[in-house]
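A.B. asks: Shown below is the structure under consideration.
Derivation of every value follows stated rules applied to the coordinates shown; laboratory data play no part. Just so we're clear, the structure is a prediction, and the values are computed from it rather than from any experiment. All Cβ positions, even for glycine, are placed from backbone atoms using ideal geometry, and neighbour counts span all protein chains on display.
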There are 2 protein chains.
Amino acid sequence: MARAATTADAFNAVAEPRRRQILDLLAEGERSVTDLVAAMGIVQPLVSKHLRVLREVGLVDVREVGRQRLYRLNGEPLRAIYDWVRAYERTWTRRFDLMETVIEELKERHDSDD
Amino acid sequence: MARAATTADAFNAVAEPRRRQILDLLAEGERSVTDLVAAMGIVQPLVSKHLRVLREVGLVDVREVGRQRLYRLNGEPLRAIYDWVRAYERTWTRRFDLMETVIEELKERHDSDD
DNA sequence: ACAATACATACCCATATCGGTATGCGTCAA
DNA sequence: TTGACGCATACCGATATGGGTATGTATTGT
């Protein structure tokens, strides 16, 4: 077995910087593949492949217009990530760090006796 | 080149379910490796490897006590993820979906004429 | 009908992943 | 001192990734 498939969930899909870039671009509005290719610095097949991953986890929707494919953002799957990280919010506040430090010092003062 | 290294940033580190599980366990407090091994269903070397990744992106800190390594959570690197996803918050609200739909309908009504 | 355009897909390559087993090393206990 | 324990690291294997090039397919324009 290798790493979990990137198509598995939003966490994996979003771990790739290029895919985050695509989502950021799409956040401004619907765009065609060629549009995205122009905006990013990579070749079209690569963009298409990243779009496929995003499609498979439901982060983007497609609409066919003539020979164009217009991609649109669907942020809903990001909610899972948001909910998970949000639980850690208190963790990176200054207050939390200080509290931890104090606890730590108390613990060490308790364990050792010089 | 293959996929971006998992040690590259918090996004990659957290894409792995097992590593999220470790963080969740550590959120309850400091734990030794053996402790984590017992709590998760995998062998010790695997836990150690995941811990290494988490260490390298700064998501955990270690403390040596005798022959034990006590790991502690450091949520700070999660902040980057939080900030990124949070920008999309409006995206998965009901209101945003409705708004998009309306815009979409207006656009189609404007383009075609049946 | 034919060429051009817009994408998706098929391959190929190099790499790094996760899982597991074997091993090394420092610390503690007898 | 010797053995057990706690953990990290070295390997190995299978797999899937991201990058790229070549190619196929549908739609549009001439």
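A.B. asks: Would you mind ranking B:Asp9, A:Asp83 so that the residue whose beta carbon has the fewest other beta carbons within 10 Å leads the list?
C.D. replies: Lowest to highest Cβ neighbour count: A:Asp83, B:Asp9.
A.B. asks: Take peptides B:36-46, A:11-21 and line them up by average Cβ neighbours within 10 Å, highest first, as a rough protection proxy.
C.D. replies: Ranking, from highest mean packing down: A:11-21, B:36-46.
A.B. asks: When Cβ neighbours within 10 Å are restricted to other protein chains, what is their mean count per residue of peptide A:25-35?
C.D. replies: Shielding by partners across A:25-35 averages 1.
A.B. asks: In nm to one decimal, list the spacings between the B:Ala38 label point and its equivalents in the other copies, with label points set 7 Å along Cα to Cβ, shortest first.
C.D. replies: When each copy's label point is compared with this one, the spacings are 6.2 nm.
A.B. asks: Quick one: with label points 7 Å out along Cα→Cβ, list the inter-copy distances for B:Glu89 in nm, shortest first?
C.D. replies: Here B:Glu89 shows inter-copy label distances of 0.7 nm.
A.B. asks: Please compute the average number of Cβ atoms from other chains found within 10 Å of each residue's Cβ in peptide A:16-22.
C.D. replies: 2
A.B. asks: In nm, what does the list of distances from B:Arg55 to its counterparts in the other copies look like, shortest first, when each label sits 7 Å along Cα to Cβ?
C.D. replies: Sorted ascending, the copy-to-copy spacings read 4.3 nm.
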